[in-house]
Each structure stands twice: as structure tokens, then as C-alpha cells.
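This report refers to the structure that appears directly beneath it.
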Amino acid sequence: MISKIINISLVFSVFISPIWSQNQSDIHWMDIEDALRLQKVEQKKILVEVYTDWCKVCHKLDQISLSQPQIANYINEFYYPVKFNAECEKTVYFRGKKYGFVETANSGYHEFAYKITHGKLNYPSLVFLDKDLSVIQPISGFQGPDKLMKVLIYFAENYNKTTPWNDFNAKYNSMIYNSSVGSNN
């Protein structure tokens, strides 16, 4: 019996594995310079993930939320996604200004990360930039997949310009609840 289950599992994995790998999606991360170049060709909002290598919550965000195919697909469609290490030492030019690494007693931080997070270097931070490269809002800390998807839609589709977050959140939750209830009938 166990050998039959193993054989069925092997056959299943041989046929399903290629399909699974085709459906997996990854975020097409880029550096800020590439996003700014692309922005000149086709304007999109920019999503910057500000992180550090030592940040365990940053890794959790990547592994749990940003790895979800629907989230990755949405980000790739509506944003230029940028990963930015807040402790990198490279020079960044943004909106006509030069930003670099600032050394502190313990380690240091990058001025660009400091600028776009409004001086709140919490990791991870997801910073939303509009098509004119102005900061819409930084959001710090871990965001679960459900909440992250709502936040992505809120900014990508400009709900933030007309609807307070609490109203949008309630409306979004009721739409999801009502559609899932309706699909069971």
C-alpha cells in the first residue's frame, strides 16, 4: 500500500511539477536606478522595500507575504518594485539630489532610506511612491498577505486619494466576505 502511494506521488510530482513552476511568480525586483529609468519610459508607481540583511522580520515578509503569487503578480503589474538595503554604501541620485551612506557609532544608514521613510528607519518598511516620485506613504513592519494585498490595491488604484483607509478596509472586507458567501450558494 505504501509503495503504491509513493508511486502515485512520484507520478503526480513528475506531471504537476512543471505546471506548478510555470504558475509560480516572483517579484521582478530592481534597484532604484533601474526603476527611475523605467519610470521615464512608462510611468508607474514605485514600491520600495527598505530592509537590512540582519532583519528577521524582513525575511519573514519576503517568505510569507511577498512570495505569494497573487501579490507578486499584482506588484509586477502596478509597480516598479525596488529592494533597497538601508545599510548599503552605494550612492543614489534621486530627484536631483545625491544620497549616500552615513556612518554612525554602531553601523550606519543610507540617507535615501532615511528620506523616503520620513526619518523612521523601521525594518522592513514598504514605501509607496507616486508617478511623480513623491512619497505617498511608508508602512513599516510585517504585513500579512491579506493586509498587504489590501494596501497594494489601496495605493495602486488611488483609493488613498478619495477614501480614508478605515472606510476602504471595511468596504474591501465586506466585498470579500459577500463574494465568498455568494459563491457557496
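Some notes on this structure:
- Filtered by the rule that a residue be hydrophobic (A, V, I, L, M, F, W, C) and in contact (Cβ under 8 Å) with a residue 24 or more places away in the chain, segment 102-126 gives Phe112, Ala113, Ile116, Leu121, Leu126.
- Residues of segment 59-101 classified as in contact (Cβ under 8 Å) with a residue 40 or more places away in the chain and farther than 17 Å from Met30 by Cα, total: 7
- Residue, surrounded by the most Cβ atoms within 10 Å (Cβ to Cβ), within segment 44-58, restricted to residues that are under 23 Å from Tyr154 (Cβ atoms) and either modelled with pLDDT under 95 or of a type in the set (Val, Ile, Thr) (or both): Val50
- Number of the exception - Ser107 against (1) under 22 Å from Thr52 (Cβ atoms); (2) at pLDDT 95 or above: (2)
- Contacts under 7 angstrom Cβ, first residue in segment 151-169 being assigned to a helix (DSSP H, G or I) and small (Gly, Ala, Ser), partner at pLDDT 95 or above and surrounded by 14 or more Cβ atoms within 10 Å (Cβ to Cβ), 6 or more apart: Ala156/Lys45; Ala156/Phe78; Ala156/Tyr79
- Any chance Val151 is touching a strand residue (DSSP E or B) at 6+ places or on another chain (Cβ under 8 Å) and either loosely packed, with under 12 Cβ neighbours inside 10 Å or within 23 Å of Asn169 (Cα to Cα) (or both): yes
- Exactly one residue out of Asp31, Asp26 is within 14 Å of the chain's Cα centre (by Cα) and farther than 19 Å from Leu148 by Cβ, and it is Asp31.
- Only one of the numbered conditions (1) among the small types (Gly, Ala, Ser); (2) at negative phi; (3) in contact with a strand residue (DSSP E or B) (Cβ under 7 Å, 6 or more places away or on another chain) is violated by Gly108, and that is (2).
- Pairs with Cβ under 9 Å, 6+ apart, first in segment 127-147 and without any contact (Cβ under 8 Å) to a residue 12 or more places away in the chain and more than 19 Å from Ala86 (Cβ to Cβ), second part of a loop (DSSP other than H, G, I, E, B) and not acidic (Asp, Glu): Asp132/Gln43; Ser134/Arg95
The values are calculated or read from the model by the stated rules, or taken from the named source; none is laboratory data. Keep in mind the model is a prediction, meaning the values are calculated, not measured. Neighbour counts are summed over all protein chains in view; Cβ atoms, including those assigned to glycine, are modelled from backbone coordinates with ideal geometry.
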